[in-house]
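The values are calculated or read from the model by the stated rules, or taken from the named source; none is laboratory data. None of these values were measured; they are calculated from a predicted model. Cβ: placed from backbone, ideal geometry, glycine included. Neighbour counts: every protein chain shown. Calculation scope for accessible area: heavy atoms of the full protein, side chains included, ligands and nucleic acids excluded. Shrake-Rupley method; radii C 1.70, N 1.55, O 1.52, S 1.80 Å.
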Amino acid sequence: METLEIVKKIIEKAEEKKGEDIVTLEIGKINPIIADYMVIITGSVPIHTRAIADNIIGGLKEYGVIPHHLEGYTEGRWIAVDYGDIMINIFLPELRDYYKLEWLWSDAPRVEYTAEGIKQ
């Protein structure tokens, strides 16, 4: 799968589990060492963030896409899923507000997702 196709699937799988305030940043334009894209998602409580992560990981596994690393799953407060070219951060609202990744990466272009697909 192409990287943007994977990003689209991540967003769809997060939306299936009612992930909130989904933002995708093309961080590779700023720092290509970390990843090409970062997807930021909010879940309401730890069981919700874990459900979002499970749905994304399980959904991508069907396409043979396996994460390189998973961090924070047990606590469910901030779950980081590393797919190499794509980093996913699933936060509880208070941690997303505290770490402000959108602000930290504010120079990175946002990737818009609509029913028609990804727009860069």
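Some notes on this structure:
- Residue in segment 94-103 that is hydroxyl-bearing (Ser, Thr, Tyr) and modelled with pLDDT of 95 or more present: yes
- Only residues that are polar (S, T, N, Q) and touching a helix residue (DSSP H, G or I) at 6+ places or on another chain (Cβ under 7 Å) were counted in segment 1-56, giving 3.
- Test: residue in segment 1-11 that is free of Cβ contacts under 8 Å to residues at least 60 places away in the same chain, closer than 18 Å to Leu95 by Cα, open to solvent by 10 Å² or more (accessible area, probe 1.4 Å) and not small (Gly, Ala, Ser): no
- Complete set of residues in segment 31-52 that are at pLDDT 95 or above and outside any strand (DSSP E or B): Ala35, Asp36, Gly43, Ser44, Val45, Pro46, Ile47, His48, Thr49, Arg50, Ala51, Ile52
- Some residue of segment 93-107 being assigned to a helix (DSSP H, G or I) and in contact with a Ser or Thr (Cβ under 7 Å, 6 or more places away or on another chain): yes
- Within segment 62-110, the set of residues being closer than 13 Å to Ile27 by Cα, open to solvent by 30 Å² or more (accessible area, probe 1.4 Å) and in contact (Cβ under 8 Å) with a residue 60 or more places away in the chain comprises Asp85, Met87, Glu102, Trp105, Asp107, Pro109, Arg110.
- Hits in segment 7-24 - residues which are of a type in the set (Lys, Arg) and at negative phi: Lys8, Lys9, Lys13, Lys17
- Selection within segment 29-61 - closer than 27 Å to Ser106 by Cβ and either open to solvent by 40 Å² or more (accessible area, probe 1.4 Å) or free of Cβ contacts under 8 Å to residues at least 12 places away in the same chain (or both): Lys29, Ile30, Asn31, Pro32, Ile33, Ile34, Asp36, Ser44
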